[in-house]
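Input: a single structure, listed below in structure tokens.
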Amino acid sequence: MKFTRSASILLLANLAIAQVLSPPAKTETAIDGKKLSIAYSSPSIRGRKIMGGLVPYGTVWRTGADNATTFQTEADLVIGDNGLKVPKGTYTVYTLPGANEWQLIINKQTGQWGTAYSQGRDLGRVKMNVAQTPSVVQNLKIELSSTGPKKGLLKISWERTEVSVPITLQ
């Protein structure tokens, strides 16, 4: 009994530390009265090499930490320049990072741990615009914003990398 209690306390302490290291974060916006939101965990650099290191190029990344990053939309969308159609609903966001090119992955599986990726559940993938930030972004930041009537932008920034993709309401 004493061992079980000690193990439980240790487990809870580790979970509390993980939450502090990668605190929960959320971004949301309304476009033409329809809400879009993303819930994620926001890890920090903490002296590590992020892009091409902790976040390896050419490998699907959970785009955050801990639980999978969740995307909810109250409207049917078209994401990206090649027109990925996303019906209103709840999805998981993954990315495929590269040194010069990134892809946004919208996945139909939800509620899983972040590393439980199933390519067979992909709704689709779109190319993202890649840029360098003017200064170092210490904590992963995901932003949704309205850019005009029926238009928005999804932006992900961390370390010196910023990737974005346009969103259009159908």
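The values are calculated or read from the model by the stated rules, or taken from the named source; none is laboratory data. Given the structure is predicted, the values throughout are model-derived calculations rather than measurements. With ideal geometry, Cβ positions are generated from the backbone for all residues, glycine too; neighbour counts draw on all protein chains shown. For the accessible areas, the whole protein counts, side chains as well, though only heavy atoms, and no ligand, DNA or RNA atoms are used. Shrake-Rupley method; radii C 1.70, N 1.55, O 1.52, S 1.80 Å.
Length gained on full extension, Gln170 to Met51: 39.5 nm, using 0.36 nm per residue less the C-alpha separation. Estimated at 0.36 nm per residue, the fully extended path between Glu101 and Asp76 surpasses their Cα-Cα distance by 6.4 nm.
Sort largest first and round to whole Å: the equivalent ellipsoid semi-axes of the stretch 63-163, each the square root of five times a Cα gyration tensor eigenvalue. Mind dumping the intermediate values first?
Numbers: eigenvalues 85, 63, 34 Å².
Semi-axes (√(5λ), whole Å): 21, 18, 13.
Between Ser118 and Thr90, the simple label model (points 7 Å from Cα in the Cβ direction) yields a spacing of 1.6 nm.
So how many Å³ per residue does the convex hull of the Cα atoms of the chain work out to?
Working: hull volume 22.0 nm³, N = 170.
Residue-normalised Cα hull volume stands at 130 Å³.
In this label model, Lys35 and Thr133 are separated by 2.7 nm, measuring between points 7 Å along each Cα→Cβ vector.
Counting heavy atoms of the protein chains alone, Asp32 has an accessible area of about 90 Å² for a 1.4 Å probe. Residues Glu162, Glu101, ordered by accessible area of protein heavy atoms at a 1.4 angstrom probe radius and largest first, appear as Glu101, Glu162.
Charges at C-beta only: +1 for Lys and Arg, -1 for Asp and Glu. How large is the resulting dipole of the chain about its Cα centre, in Debye rounded to 20? List each step's numbers first, then the result.
Values: 20 positive and 11 negative charges, 73 e Å.
Here the chain has a charge dipole of around 340 debye.
Each residue was assigned an accessible area with a 1.4 Å probe, and for Arg48 the value is about 80 Å².
Each Lys or Arg adds one and each Asp or Glu subtracts one; over the other residues with Cβ under 10 Å from the Cβ of Leu21, this totals 0.
Counting Lys and Arg as +1 and Asp and Glu as -1 over every other residue whose Cβ lies under 10 Å from the Cβ of Gln109, the net charge comes to +1. Ordering Leu96, Leu54, Leu140 by accessible surface, largest first, gives Leu54, Leu96, Leu140; the 1.4 Å probe counts only protein heavy atoms, with every chain in place.
Between beta-carbons, use under 13 Å as the cut-off and find the net charge around Asn139, counting Lys and Arg +1, Asp and Glu -1.
Working: positive: Arg46, Arg48, Lys141; negative: Glu143, Glu159.
Once positives and negatives cancel, what remains is +1.
Setting aside same-chain residues fewer than 8 positions from Lys88, which lysines have a Cα under 18 Å from its Cα? Result set, ordered by chain and number: Lys34, Lys35, Lys108, Lys150, Lys151.
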